[in-house]
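Asks: Sharing a structure, written as structure tokens. Questions coming.
What follows is calculated from the coordinates using simple rules that are stated; it is not laboratory data. Treat the numbers as computed from the prediction; the structure is a model and nothing was measured. Positions of Cβ are generated from backbone atoms using ideal geometry, with glycine treated the same way; all protein chains shown enter the neighbour counts.
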Amino acid sequence: MMQNGQPWLDTTGQPIHAHGGCILKYQDWYYWYGEDRRANYYVSCYRSQDLMHWEFRNHILTTTSPFQAQRFKAEGGLVNADGTKVNIERPKVVYNPKTQQFVLWAHYENGQDYTAAAAIVASATTPDGDFTEHGHFRPFGFMSRDCTVFVDAEQAYFISAARDNADIHIYQLSGDYLNVTRLVNRLWSNEFREAPALFKHKGLYYMLTSGTSGWRPNQGKYAVASAIEGNWSDLQDFGDATTFASQPAFVLKNGNQVIYVGDRWGSAEHYQDSSYVFLPLEITSQRALLKNKARWFMAKQQFVFKD
Ligand code: DGJ
């Protein structure tokens, strides 16, 4: 039984290392990807059929992942010149049915500070194979920190915090999902949002974000839009003042269920103590949401997985 905020073990009894990540449903499996900062790892992958029992599959991105240049010019390499590790945060993996590739986007930093503010791209031909890195760059030159990827009817978007976190940018991705093609939205200027997580529910788009307070949790906020490239509502609170002691990682849609998944971070020194929080979301009145009158419910009790 998984409990929010407690170590969650894989099928061999080892703690799951998949922080700031995402879950991708592909064929009969859920694949859970996330940050793994141990040893020479960056991103690890687990899989499950019931969302409860997770089998470790692979360290899909490590210091020794191969580099292959794409048509765009980007700096490659997953170690610094002095051999130290870089930092890969908030990895998101999506499947592109046209190219039959699994494409990963994440936040890249040099491992010392947050001055690189870049996006990194990698890809693989199987969901849990060794990913090939394609380098890191700033989309159209914009700083890019906390990020997510959202696919809407095969059109993919990369969403990230720009301008020292002051703004959230939404970029349309190319057909192969490997590059940005257009900056389609700049949101909530100077409101300093992090940890974006998008989902679609009953024809509307929702974006969750956190404020910026390092590893400490803060009040989560959501916004709603009828089109990703259109107008988004103002930000409204959800959860409590600490988002039930978590920061958004992603939202999982599972049939009719909408499941919020957040990270309960350890501090920088105690990063390995970070755990996960799964909470049910109930969206009761979309019309009210559009008018910024929130009818949004995030239950404090944890999401219960069926055994
Ligand atoms: C908050 C971000 O959401 C995390 O991904 C991480 O970058 C921490 N800040 C670092 O302080």
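Asks: Sorted by average packing, counted as other Cβ atoms within 10 angstrom per residue and highest first, what order do 129-135, 165-171, 51-57, 118-124 take?
Replies: Values: 129-135: 20.4, 165-171: 22.1, 51-57: 17.1, 118-124: 24.3.
Averaged packing, sorted descending, gives the order 118-124, 165-171, 129-135, 51-57.
Asks: How large are Rg and Dmax for segment 42-134 when calculated on the C-alpha trace, in angstrom?
Replies: 13.9, 43
Asks: Once you sort the root eigenvalues of the Cα gyration tensor of segment 228-288 as a ≥ b ≥ c, which label holds: rounded (a/c under 1.5), prolate (a/b larger than b/c) or oblate (the other case)?
Replies: On the way: a/c = 2.24, a/b = 1.75, b/c = 1.28.
Because a/c hits 1.5 or more and a/b exceeds b/c, segment 228-288 counts as prolate.
Asks: Sticking with this structure for a sec: Rounded to whole Å and ordered largest first, report the semi-axes of the equivalent ellipsoid of segment 2-303 derived from its Cα gyration tensor (root of 5λ). Could the numbers behind the result be given before it?
Replies: Numbers: eigenvalues 142, 102, 73 Å².
Whole-Å semi-axes of the equivalent ellipsoid: 27, 23, 19.
Asks: Still on this structure, please answer the following. Once you have the Cα-Cα distance between TRP29 and LYS73, take 0.36 nm times their residue separation minus that, and quote the gain in nm to one decimal. Walk me through the numbers on the way to the answer.
Replies: On the way: separation 44, 0.36 × 44 = 15.84 nm, distance 3.43 nm.
Contour length minus Cα-Cα distance gives 12.4 nm.
Asks: Which of the listed residues, PHE192, GLY135, SER123, is farthest toward the dipole's positive end in the chain, when Lys, Arg count +1 and Asp, Glu count -1 at the beta-carbon?
Replies: Of the listed residues, the answer is PHE192.
Asks: Using mean Cβ contacts within 10 Å as the protection proxy, how do 141-147, 192-198, 256-262 order, highest first?
Replies: The densest-packed peptide leads the list: 192-198, 141-147, 256-262.
Asks: Same structure again: Give the aspartates and glutamates whose C-alpha is closer than 17 Å to that of LYS25, dropping any in the same chain fewer than 8 places away, or say none.
Replies: Result set, ordered by chain and number: ASP50, GLU55, ASP128, ASP152, GLU154.
Asks: Also, quick follow-up: Can you tell me the order of 214-226, 100-112 when each peptide is scored by its average per-residue count of other Cβ atoms within 10 angstrom, highest first? Provide the component values of the computation, followed by the final result.
Replies: Working: 214-226: 18.4, 100-112: 20.7.
Result, highest mean Cβ count within 10 Å first: 100-112, 214-226.
Asks: Where a ≥ b ≥ c are the square roots of the eigenvalues of the C-alpha gyration tensor, would you call segment 144-211 rounded, which needs a/c under 1.5, or, failing that, prolate if a/b is larger than b/c, or oblate? Please report the intermediate quantities before stating the final value.
Replies: Numbers: a/c = 2.14, a/b = 1.28, b/c = 1.67.
It is oblate, given that a/c is not under 1.5 and a/b is not larger than b/c.
Asks: Gap in Å between the Cα centre of segment 168-186 and the Cα centre of segment 188-259?
Replies: Comparing the Cα centres of segment 188-259 and segment 168-186, I get a distance of 19 Å.
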